[in-house]
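S.K.: Starting off with a structure, shown below.
Nothing in this text is a laboratory measurement; each read-out follows from the coordinates by a stated rule. None of these values were measured; they are calculated from a predicted model. Positions of Cβ are generated from backbone atoms using ideal geometry, with glycine treated the same way; all protein chains shown enter the neighbour counts.
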Amino acid sequence: MTKIANLSLNDGQRIPPIGFGTNVLRGRKGIDSILTALDAGYRLIDTAQSYDNEEIVGAAVVESSVPRQELVLTTKITDAHQGYQQTLDSLEVSLAKLKTDWVDILLVHWPNVQDFERSLETWRALIDLQQAGKVTTIGVSNYTPDLLQRTIDASGVVPALNQVEFHPFLVQKDLLAYCQQKEIRIEAYCPIARAERAGHPVLQHLAAKYQKSPVQIMLRWHVELGIVPIPRSENPDHIRGNFQIFDFSLVEDEVREISGLNENYRIIKPDKSPPGW
Ligand SMILES: NC(=O)c1ccc[n+]([C@@H]2O[C@H](COP(=O)([O-])OP(=O)(O)OC[C@H]3O[C@@H](n4cnc5c(N)ncnc54)[C@H](OP(=O)(O)O)[C@@H]3O)[C@@H](O)[C@H]2O)c1
């Protein structure tokens, strides 16, 4: 198995350079996909309360021979559970479903743009859960620089992670620069843009050059930028192939060329997006 180095976080913890997304995974097939991912070498597993599949992640953790301490389980507080006490209560439910005593990474799934004070209360609960040892690392998802700054100003605590949509067709340059300055690690969801544009000639050309697939080129591009991609797949060949990105590297010009594919193309469009989205 390829030996890969973990990346640092601003809270002193470390995170694997790639994770496995689980949105829409269900039932026995979902458990088997997670087990295939663990066999392939993934150690970071991404779920959320709203995916309604924390149980299958928990089942895979129990079935897997990988020790729990080696896993980095992520879940996210859903909108309906935002607020201080609701967050504390909902984490207990998540822990029971995940069959674990602690969560490695807990994120606020979406900012409440109409009532951001509620998201700040949620954040305060995450800080307390971290201090209580129920959560190792805390962060947010879908936050803009402005909302990150408001969170930092209100709490004095800098999120360790911001999970956002990020791929060659949505290169959030300003957000990346802000996060780099604050040492907030970006995790990329939809990192391969659901493979919709894998046929792009730039990706095809680099794939041929490195004897890799266009999807592997996209995932390696994230790695070169210090971003953690969390691709999802139910296809065992895709699951294994998506992890085979640590035996080659892209040169600076190629990284720049892929970043140049940006079209501000978003797959996930919330009903209410924050200003500056
Ligand atoms: N924080 C948030 O608000 C948020 C929002 C969206 C997603 N997420 C997280 O991010 C994860 C990833 O995002 P995503 O699932 O939306 O999109 P994605 O990972 O960009 O794409 C998944 C799709 O790509 C296909 N695929 C995967 N590997 C492939 C390969 N090597 N070749 C061809 N097709 C391939 C999969 O089909 P096959 O199964 O056939 O391989 C699947 O249809 C989610 O699972 C979830 O955990 C978070």
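S.K.: Give me the net charge for the shell around residue 254: Cβ to Cβ below 13 angstrom, other residues only, Lys and Arg +1, Asp and Glu -1.
M.R.: 0
S.K.: So what's the gap between the Cα centers of the stretch 122-157 and the stretch 21-100, to the nearest angstrom?
M.R.: After rounding, the separation between the Cα centres reads 20 Å.
S.K.: Please give me the summed charge of the neighbours of residue 213: other residues whose Cβ is under 15 Å from its Cβ, Lys and Arg +1, Asp and Glu -1.
M.R.: +3
S.K.: If I stretch the segment between residue 268 and residue 246 completely, what's the gain in nm (0.36 nm per residue apart, minus their alpha carbon distance), one decimal?
M.R.: Result: 5.1 nm gained on full extension.
S.K.: At 222 nm, what helix-only mean residue ellipticity would the chain give, in deg cm²/dmol to the nearest 500, using -39500 (n - 2.57) for each DSSP H run of four or more?
M.R.: Rounded to the nearest 500, it is -12500 deg cm²/dmol.
S.K.: A further question follows. Give the residue from 56, 34, 160 lying farthest towards the positive end of the charge dipole for the chain; charges sit on Cβ (+1 for Lys and Arg, -1 for Asp and Glu) and the dipole is referred to the Cα centre.
M.R.: The Cα lying farthest towards the positive end belongs to 34.
S.K.: Then there is this: Once the cut-off is 25 Å, how many percent of the Cα-Cα pairs in the stretch 51-187 end up in the long-distance tail?
M.R.: It works out to 27 percent of all Cα pairs.
S.K.: In addition: Just the Kirkwood number for the stretch 7-88, please: inverse of mean 1/r across all distinct Cα pairs, in Å, one decimal.
M.R.: About 13.6 Å for the stretch 7-88.
S.K.: Another one. Looking only at trypsin sites (Lys or Arg not before Pro) in DSSP loops with at most 10 other Cβ atoms within 10 Å, what is the longest site-free stretch of the chain?
M.R.: Longest site-free region, per DSSP loop and neighbour criteria: 4-271.
S.K.: Going by Cα centres, the stretch 190-204 and the stretch 233-277 are how many Å apart?
M.R.: Centre-to-centre (Cα) distance: 8 Å.
S.K.: Calculate, in nm to one decimal, what residue 149 and residue 116 gain on full extension: separation in residues at 0.36 nm each, minus their alpha carbon distance.
M.R.: Contour length minus the Cα-Cα distance gives 10.6 nm.
S.K.: In Å and on Cα atoms, what radius of gyration and Dmax does the stretch 152-265 show?
M.R.: 14.6, 49
S.K.: Restricting to Cα atoms and excluding each atom paired with itself, what does the Kirkwood estimate give for the chain in Å?
M.R.: 18.9
S.K.: Would you pull out the residues with amide H under 5 Å of residue 72's amide H, same chain only if 5 or more places away, H placed 1.01 Å from N?
M.R.: 44, 45
S.K.: Moving to a separate point now. How much length, in nm to one decimal, is gained on full extension between residue 28 and residue 92, taken as 0.36 nm per residue of separation minus their Cα-Cα distance?
M.R.: The residue 28-residue 92 span can extend by a further 20.6 nm.
S.K.: Same structure, new question: What distance in nm lies between label points placed 7 Å from Cα along the C-beta direction at residue 7 and residue 180?
M.R.: It is 1.2 nm.
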